[in-house]
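Participant: To start, I am sharing the structure in question, which I have written as structure tokens.
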Amino acid sequence: MSITADRIIAVSTGKTVYKDGDSVIKVFCRPYTKLDVMKEAFNQTQLEAAKLSVPKVQEVFLSEEGWAIRYEYARGKALSHLMEATPAKVSDYMAQLVKIQRAIAAADAPLLPCLTDKLKHAICEGIQDKEQRISLCAALDSLPGGQATCHGALMPQDIIMNQNGGYCILNWANAARGNSLFDAADTFVQLTLEDNEQLALSQLYLSTFSASDPPLERAVLRFVPICAAARIGGANERERSILNGLINQ
């Protein structure tokens with residue numbers, strides 16, 4: 001099937017996202033497989049069934065460019081755009097991100113994969129040193145598990161805010177069940193990788209997440225080395241330097 005769409009709205013490694021009227025078409029190519037695409041569509045459909053605010057999946061199909069998912073177009077602006085456009089309100093926007101992340105954790109999606117298994121696989125794939133790999137896997141096993149829904153890669157750009165104060169959450173490829181503190185730690189790690197002096201979002205996120213319960217900050221930081229290790233396999237040289245610092249903190 002060929003794709004005739006209004007315009008390209010996003011491009012990343014192995015993915016091109018098109019707007020097509022009231023729909024979005026996300027097209028996958030290498031390194032993504034048919035199984036990867038089906039898993040992402042399945043994850044998103046589960047969260048739709050759990051009444052979380054996600055774009056409804058409309059179809060999965062094979063295009064001339066590769067396997068593709070068509071889903072509803074989420075109207076509004078990304079939370080990341082709002083943060084950059086209005087720095088004076090960044091604390092308010094960060095509070096919204098934390099509130100939405102907690103809504104995700106409360107969603108009932110029992111068929112999602114086990115987060116601990118996904119993290120262990122990523123560590124074994126990304127960490128080359130055998131002793132470090134064994135140590136990190138042992139540390140992962142020592143941390144408390146859970147059954148919360150975890151987005152697995154939540155960032156401000158994954159949240160679309162509309163004019164009525166509602167929101168829609170995108171990009172469910174990494175969703176899993178586990179301890180919600182892993183999800184918080186992963187957001188902290190990603191924000192650390194992207195941080196800049198103007199916004200310093202990683203520390204703002206951590207303080208916002210733990211504002212109602214200060215011991216949460218230390219609890220989240222216990223999970224950071226594992227989340228950093230799980231991301232090192234796909235990192236570039238600059239990111240690896242930062243991630244290694246987080247692993248060894």
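Participant: Under the 0.36 nm per residue contour assumption, what length would be gained going from the current alpha-carbon distance of D213 and E131 to full extension?
Facilitator: 26.0 nm
Participant: State, as an integer percentage, the relative contact order of the chain based on alpha-carbon contacts under 8 Å between residues 6 or more apart.
Facilitator: Computed over the chain, the figure is 18 percent.
Participant: While we're looking at this one, here's another question. Compare G76, G234, G145 in a GNM of the chain, Cα atoms joined below 10 Å, and give the one with the largest fluctuation.
Facilitator: Highest fluctuation among the options: G234.
Participant: Using the alpha-carbon atoms, what tilt in degrees (0 to 90, nearest 10) does helix 34-49 show relative to the longest principal axis of the chain?
Facilitator: Helix 34-49 and the main axis of the chain meet at about 90 degrees.
Participant: Let me ask something else. Each label point is 7 Å from the Cα along the Cα-to-Cβ direction; what then is the distance between the points at N236 and A139, in nm?
Facilitator: Distance between the two pseudo-spin positions: 2.6 nm.
Participant: What length, rounded to one decimal in nm, is gained on full extension from D36 through to Q147, with 0.36 nm per residue of separation minus their alpha-carbon distance?
Facilitator: Going from the current span to full extension adds 37.7 nm.
Participant: Applying the Karplus parametrisation 6.51 cos²θ - 1.76 cosθ + 1.60 with θ = phi - 60° to the phi angles of segment 177-192, what ³J(HN,Hα) value in whole Hz is obtained for each residue in order, glycine and proline being reported as x?
Facilitator: Rounded to whole hertz, the list is 9, x, 6, 5, 5, 4, 5, 5, 5, 5, 4, 4, 4, 5, 5, 5.
Participant: With a cut-off of 8 Å between alpha carbons and a minimum separation of six or more residues, what is the relative contact order of segment 1-112 in percent?
Facilitator: Reported as a whole number, the value is 23 percent.
Participant: Run lengths n ≥ 4 of DSSP H only: what is the helix-derived mean residue ellipticity at 222 nm for the chain, with -39500 (n - 2.57) per run over all residues, to the nearest 500?
Facilitator: Mean residue ellipticity at 222 nm (helix-derived): -15000 deg cm²/dmol.
Participant: Hey, what do the phi angles of segment 244-249 turn into as Karplus ³J(HN,Hα) couplings, whole Hz, using 6.51/-1.76/1.60 and θ = phi - 60°, x for Gly and Pro?
Facilitator: Rounded to whole hertz, the list is 4, x, 6, 5, 9, 5.
Participant: So which GluC sites (Glu not before Pro) in segment 20-64 pass both tests, a DSSP loop state and at most 14 other Cβ atoms within 10 Å of the Cβ?
Facilitator: Within segment 20-64, the qualifying GluC sites (Glu not before Pro) (loop, at most 14 other Cβ atoms within 10 Å) are E64.
Participant: Okay, moving on. Which entries in the list K19/K77; K39/K120; K19/K89 go over 26 Å, if you measure between the two C-alpha atoms of each?
Facilitator: In this structure, K19/K89 lie more than 26 Å apart at Cα.
Participant: Here's something else I'd like to know. Can you pull out the GluC sites (Glu not before Pro) in segment 111-206 that DSSP calls coil and that have at most 13 other Cβ atoms within 10 Å?
Facilitator: Here the sparse-neighbourhood loop sites are E197.
Participant: For D20 and A50, what is the calculated FRET efficiency with R₀ set at 30 Å and r taken between the beta-carbons, to the nearest 0.05?
Facilitator: 0.70
Participant: Considering the chain as a Gaussian network with a 10 Å cut-off on Cα pairs, which listed residue, F182, F42, F61, attains the greatest mean-square fluctuation?
Facilitator: F61
Participant: Projecting each Cα onto the charge dipole of segment 77-247 (Lys/Arg +1, Asp/Glu -1 at the beta carbon, about the Cα centre), which of S202, T192, V220 comes out farthest on the positive side?
Facilitator: Value: V220.
Every read-out reported here was derived from the displayed coordinates using simple, explicitly stated rules and does not represent laboratory data. Quick caveat, the model's predicted, so the values are computed rather than measured. Glycine also receives a Cβ, built like all others from the backbone with ideal geometry; neighbour counts cover every protein chain displayed.
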